Amino acid sequence: MTTDPFTFVLTAYLVMVAVMVGLWVMQLRVRNVSIADVGWCAGLIAVVLWYATQVTGETERKVLVAALAMLYAGRLGFYILFNRVIGKTGEARYRRLREQWGASESVKMFGYFQLQALAVLTFSLPFLVLIQDTQPPFTLIELVGVLIWIVAVSGEALADHQLARFRSKSWNSGRVCRDGLWWYSRHPNYFFEWLHWWAYVVMGVNTPGWLLTWIGPIGMGLALLKVTGIPWVERQALASRGEDYRAYQRTTNAFFPWFPRNLRQRQEKRLE
C-alpha cells in the first residue's frame, strides 16, 4: 500500500489513453461514437476499484465508495450500451459532428476519445480523495452524502427509463417527451447526473484534499451546460422536432426541475 496519489493517477491516465485508442479503432469499424461513453463508464469503475485495492484508507469507506462508483457508472454504462450502441447506428448529435468535421473527422474523433481518457482521470479524483480518508467511518455528513447519491442516481435512472419508454413507442417519433420528470425539466437526466457529484462533496467535507471533490459538480456542470450536454442535444432536438421543441423551450426549464411556466401562470391567476 502507498499514500502517494500521483503514481496511481498517472498510471490510470496512461492505461485509459491506451484503452481509448483501442475504442477509437473499434469505432472506425462500427461507426458508433457512443462506445466512448461506455468506455468512460467502464474505465471509471476500473480506476476506482484499483484505487480502492491499492491506496491506504479505511476499509469500510473504501468498500462503500467503490460500491457507489460501480453502481453509478455501471447503471449508466449499461443504459448507454443497450440504448445507444447495441443494434444502433449512433446518436444523431455524433453523426452531425462527423458531417461538420468533414475530412478531418478521423483525427478530431481521435482527440475526442482521448478527452474521454482525461475525463476518466479527472472524475476519478473525488473518489480517490474519499478512498484515502483514514478517519473512522461513518459520520453523519457521510450518510447525508449517501442519501443525496441515492436520490440523484435514482432520479437519473427514472428519467432515462421514462425517455426510453417514450421513444420505444413508434407513434412518438418526432415528438417531444414530456412524460414524468421530463414535464418539469428538458434535461432531468443531466440535472440528476450533476446532483450526483455533489454527494461526494458532502461526503468529503472533513477529508484532506476535500477541494478536489468539487471537480465533480463543477466539471460535470460545465460539460452538461456549456459543452457536450445541453448545447449538442438541443441543436439536434430543434433540427428534428422543430416548433414542438421550441414550445417546450418556452415553457420548461432546461436544467433545474420546476413547474412549466404556463402552468405556473395559471396557478398564480387562481390565487389572485
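The values are calculated or read from the model by the stated rules, or taken from the named source; none is laboratory data. Bear in mind the structure is a predicted one, so any value in this text is a computation, not a measurement. Cβ placement follows ideal geometry from the backbone for every residue including glycine, while neighbour counts extend to all protein chains displayed. Side chains are part of the model used for accessible areas, which takes the heavy atoms of the whole protein and leaves out ligands, DNA and RNA. Shrake-Rupley method; radii C 1.70, N 1.55, O 1.52, S 1.80 Å.
With respect to the conditions (1) open to solvent by less than 40 Å² (accessible area, probe 1.4 Å); (2) in a helix (DSSP H, G or I); (3) without any contact (Cβ under 8 Å) to a residue 60 or more places away in the chain, Leu49 falls short on a single one, namely (1).
Can you tell which of Trp171, Trp149 is open to solvent by 60 Å² or more (accessible area, probe 1.4 Å) and either part of a helix (DSSP H, G or I) or touching a Pro at 6+ places or on another chain (Cβ under 8 Å) (or both)?
On the way: Trp149 fails: open to solvent by 60 Å² or more (accessible area, probe 1.4 Å).
The match here is Trp171.
Considering the conditions (1) more than 21 Å from the chain's Cα centre (by Cα); (2) open to solvent by less than 60 Å² (accessible area, probe 1.4 Å); (3) basic (Lys, Arg), Arg186 is excluded by exactly one of them, (1).
Here Val63 does not fit the description of being open to solvent by less than 20 Å² (accessible area, probe 1.4 Å) and not basic (Lys, Arg). Can you name the condition, by its number, that Ile131 falls short on among (1) farther than 26 Å from Val47 by Cβ; (2) among the β-branched types (Val, Ile, Thr); (3) touching a Lys or Arg at 6+ places or on another chain (Cβ under 9 Å)? Failing condition for Ile131: (1). Only residues that are modelled with pLDDT of 85 or more, open to solvent by 80 Å² or more (accessible area, probe 1.4 Å) and among the charged types (D, E, K, R) were counted in the stretch 85-140, giving 1. Restricting attention to the stretch 203-222, the residues that are touching a residue at least 24 places away in the same chain (Cβ under 8 Å) and open to solvent by less than 30 Å² (accessible area, probe 1.4 Å) total 8.
If you take the residues of the stretch 223-258 that are of a type in the set (Gly, Ala, Ser) and open to solvent by less than 40 Å² (accessible area, probe 1.4 Å), which of them is farthest from Ser34 (Cα to Cα)?
The first filter runs over the stretch 223-258 and keeps only residues of a type in the set (Gly, Ala, Ser), leaving 223, 229, 237, 239-240, 242, 247, 254.
Now restrict to residues that are open to solvent by less than 40 Å² (accessible area, probe 1.4 Å): 223, 229, 237, 242, 247, 254.
Values: Ala223: 16, Gly229: 13, Ala237: 18, Gly242: 25, Ala247: 29, Ala254: 23 Å.
By that ranking, first place goes to Ala247.
Just so you know, in the stretch 66-84 the residues that are farther than 19 Å from Leu115 by Cβ, without any contact (Cβ under 8 Å) to a residue 40 or more places away in the chain and in contact with a helix residue (DSSP H, G or I) (Cβ under 7 Å, 6 or more places away or on another chain) include one that is surrounded by the most Cβ atoms within 10 Å (Cβ to Cβ), and it is Met70.
Conditions (1) more than 15 Å from the chain's Cα centre (by Cα); (2) on the phi > 0 side of the Ramachandran plot; (3) not charged (D, E, K, R), marked per residue:
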| position | (1), (2), (3) |
| --- | --- |
| Gly221 | no, no, yes |
| Trp232 | no, no, yes |
| Ser240 | yes, no, yes |
| Arg246 | yes, no, no |
| Arg250 | yes, no, no |
| Pro257 | yes, no, yes |
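Of the numbered criteria (1) part of a helix (DSSP H, G or I); (2) surrounded by fewer than 22 Cβ atoms within 10 Å (Cβ to Cβ), the one Asn32 fails is (1).
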